[in-house]
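K.L.:
The structure's right below; bear with me while I get my questions together.
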């Protein structure tokens with residue numbers, strides 16, 4: 001009897017969203033284990049020693065395999081079922097990996113910085129570092145210009161179908177209204193993301209899940225962004 005894989009995370013997380021969306025599209029069943037990030041449940045010694053020493057989610061548990069980093073989890077799941085989300089040819093697969101690595105280096109890292117400054121520090125009643133925000137916004141705009149050019153005349157990042165590259169690059173849209181990332185000035189990028197929401201119910205469903213979790217939490221602590 002095979003055990004169901006477990007995914008640990010908080011439904012307010014855009015990183016968890018990337019994994020749950022990909023799993024739904026691939027028809028992979030994951031047992032969800034709620035880790036309340038707002039209560040620091042990922043910072044406990046048990047969590048860090050057993051699941052992720054960085055105290056971050058999501059984390060996948062598949063038998064004796066513990067795997068963290070959403071992109072690595074998605075690659076692992078897609079390999080398991082030989083999913084077209086990896087790309088349909090060797091060339092496409094290389095391009096999918098290129099954009100996934102690019103997204104981590106040039107794109108998502110700066111959106112996390114802005115989220116931490118604009119949302120995290122507001123919740124904790126700490127002063128924002130406006131210089132850091134300006135720096136990260138500049139990086140996001142520079143990357144968004146690259147994406148906007150690439151997406152001209154395209155519906156997907158690679159080839160003619162959804163891949164893991166799309167999900168990685170769409171991740172900042174999970175918090176765009178709360179953290180006010182400067183990506184709505186790029187029409188091809190916005191149109192591409194709207195197409196994902198329209199065309200893939202799993203992406204729209206997980207958006208609603210993130211929004212409900214974040215809005216409920218912010219209301220519970222009396223924060224208006």
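K.L.:
Give the relative contact order (percent, whole number) for the chain; include only Cα pairs under 8 Å separated by 6+ residues.
P.N.:
23
K.L.:
Let me ask something else. Mean residue ellipticity at 222 nm from the helices of the chain, using -39,500 (n - 2.57) per DSSP H segment of n ≥ 4 over the full residue count, to the nearest 500 deg cm²/dmol?
P.N.:
-16500 deg cm²/dmol
K.L.:
Further, regarding this structure: Once each part is reduced to its C-alpha centroid, what is the distance from the stretch 156-224 to the stretch 102-141 in angstrom?
P.N.:
Using only Cα atoms to place each centre, the spacing works out to 17 Å.
K.L.:
Once you order the gyration tensor axes a ≥ b ≥ c over the Cα atoms, which shape class does the stretch 72-143 get: rounded for a/c under 1.5, otherwise prolate or oblate by comparing a/b with b/c?
P.N.:
Oblate, because a/c is 1.5 or more while a/b does not exceed b/c.
K.L.:
Cut-off 10 angstrom, C-alpha nodes, Gaussian network model of the chain. Which of 135, 181, 156 fluctuates the most?
P.N.:
Greatest mean-square fluctuation among the candidates belongs to 135.
K.L.:
Once the piece of chain linking residue 221 and residue 121 is laid out straight, how much longer is it, given 0.36 nm per residue of separation minus the C-alpha distance between them?
P.N.:
Taking 0.36 nm per residue and subtracting the Cα distance, the gain is 34.7 nm.
K.L.:
Then there is this: In which sequence would 220, 42 go, from the one with the fewest C-beta neighbours within 10 Å to the one with the most?
P.N.:
Neighbour counts put them in this order, fewest first: 220, 42.
K.L.:
Right, here's the next one. Residues in the stretch 138-155, backbone N under 12 Å from the label point at residue 199 (7 Å along the Cα-to-beta-carbon vector): list them, ranges by number please.
P.N.:
153-155
K.L.:
Convex hull over the Cα atoms of the chain, averaged projected area in nm²?
P.N.:
12.8
K.L.:
How do 186, 38, 173 line up, fewest other C-beta atoms within 10 Å first?
P.N.:
Ordered by Cβ neighbours within 10 Å, fewest first: 38, 186, 173.
K.L.:
Choose one answer from 124, 100, 157: the residue with the largest mean-square fluctuation in a GNM of the chain with alpha-carbon springs under 10 Å.
P.N.:
Highest fluctuation among the options: 124.
K.L.:
How much space per residue, in cubic angstrom, does the convex hull of the C-alpha atoms of the stretch 21-66 take up?
P.N.:
86
K.L.:
Taking the square root of 5 times each eigenvalue of the Cα gyration tensor, what semi-axes in Å does the equivalent ellipsoid of the stretch 5-84 have, largest first?
P.N.:
Largest first, the stretch 5-84 gives 21, 13, 10 Å.
K.L.:
Using 0.36 nm per residue, how much length does the chain from residue 154 to residue 90 gain when fully extended, once their Cα-Cα distance is taken away?
P.N.:
Stretched out fully, the residue 154 to residue 90 stretch lengthens by 21.1 nm.
K.L.:
What number, in percent, do you get for the relative contact order of the stretch 32-91 if the mean sequence gap of Cα pairs under 8 Å and at least 6 apart is divided by its residue count?
P.N.:
Result for the stretch 32-91 is 16 percent.
K.L.:
In what order do 190, 221, 35, 210 fall by count of nearby beta-carbon atoms within 10 Å, going from fewest to most?
P.N.:
221, 190, 210, 35
Values in this text are rule-based calculations from the coordinates and carry no lab data. In this text, all values refer to a predicted model and were calculated from it rather than measured experimentally. Positions of Cβ are generated from backbone atoms using ideal geometry, with glycine treated the same way; all protein chains shown enter the neighbour counts.
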